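What follows is calculated from the coordinates using simple rules that are stated; it is not laboratory data. What you see is a predicted model; the values in this text were computed from it and never measured. Counting neighbours? That spans all protein chains shown, and the Cβs are built from the backbone with ideal geometry, glycine included.
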Amino acid sequence: MTEENKNDHVTIKIPIELVNEIDKRVGTHGYRSRAEITKQALREFMEKNPLPKIEKSLPHFEHLNMDATGVKIIDRQLKRVANIIINPKGMHCDICDKHQCAHIDFALTVPDIQEEIRKKRIEGWQLPNT
Ligand SMILES: [Zn+2]
């Protein structure tokens, strides 16, 4: 039960027993008023009871790593890791068993992979333009 006040404060009704307990503590531990104790108690309550975090949805694809043979892309929808082989003949995805798929399309958007592919294209590897 609250009543709105004109200067951004509200009045909250608290059982008298609790107020008596608060009053006993006014003048102790450096607290000078009911309001000070109540505010401190509420701050501690907020700290102990944080608002639930809004869960951010994780991206569908994520670049896991890159080595001499190719790159790994996490597919969270399939809950699998796509191993994309990169060699002089092109790119190949082991999940899709294809040279062109969503995993390869995603891999081609990752700056580190783009850079590697550009280098290999200069060496004559048959890779997509990035
Ligand atoms: Zn694929």
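State the percent of C-alpha pairs, over all pairs in region 2-48, separated by a distance greater than 15 angstrom.
Numbers: 581 of 1081 pairs.
Of all Cα-Cα distances in region 2-48, 54 percent exceed 15 Å.
Rank the residues K13, K120, K53 as a footprinting-exposure proxy: fewest other Cβ atoms within 10 Å of their Cβ go first.
In increasing order of surrounding Cβ atoms, one gets K53, K13, K120.
Can you give me the long-range amide H partners of G70? Hydrogens built in the peptide plane at 1.01 Å from N, cutoff under 5 Å, separation of 5 or more residues or another chain.
Placed amide hydrogens put I86 under 5 Å from G70.
In a solvent-free Debye calculation with one equal scatterer on each Cα, what is log10 I(q)/I(0) for the chain at q = 0.12 Å⁻¹, listed in the order of the q values?
-0.58
Please list, by residue number, every one of the GluC sites (Glu not before Pro) in region 23-130 that is coil in DSSP and has at most 14 other beta-carbon atoms within 10 Å.
Numbers: sites: E36, E44, E47, E55, E62, E115, E116, E123; in loops: E55, E123.
Here the sparse-neighbourhood loop sites are E55, E123.
Once region 61-122 is represented by equal point scatterers at the alpha-carbon sites, with solvent omitted, what log10 I(q)/I(0) does the Debye formula produce at q = 0.13, 0.19 Å⁻¹?
-0.28, -0.61
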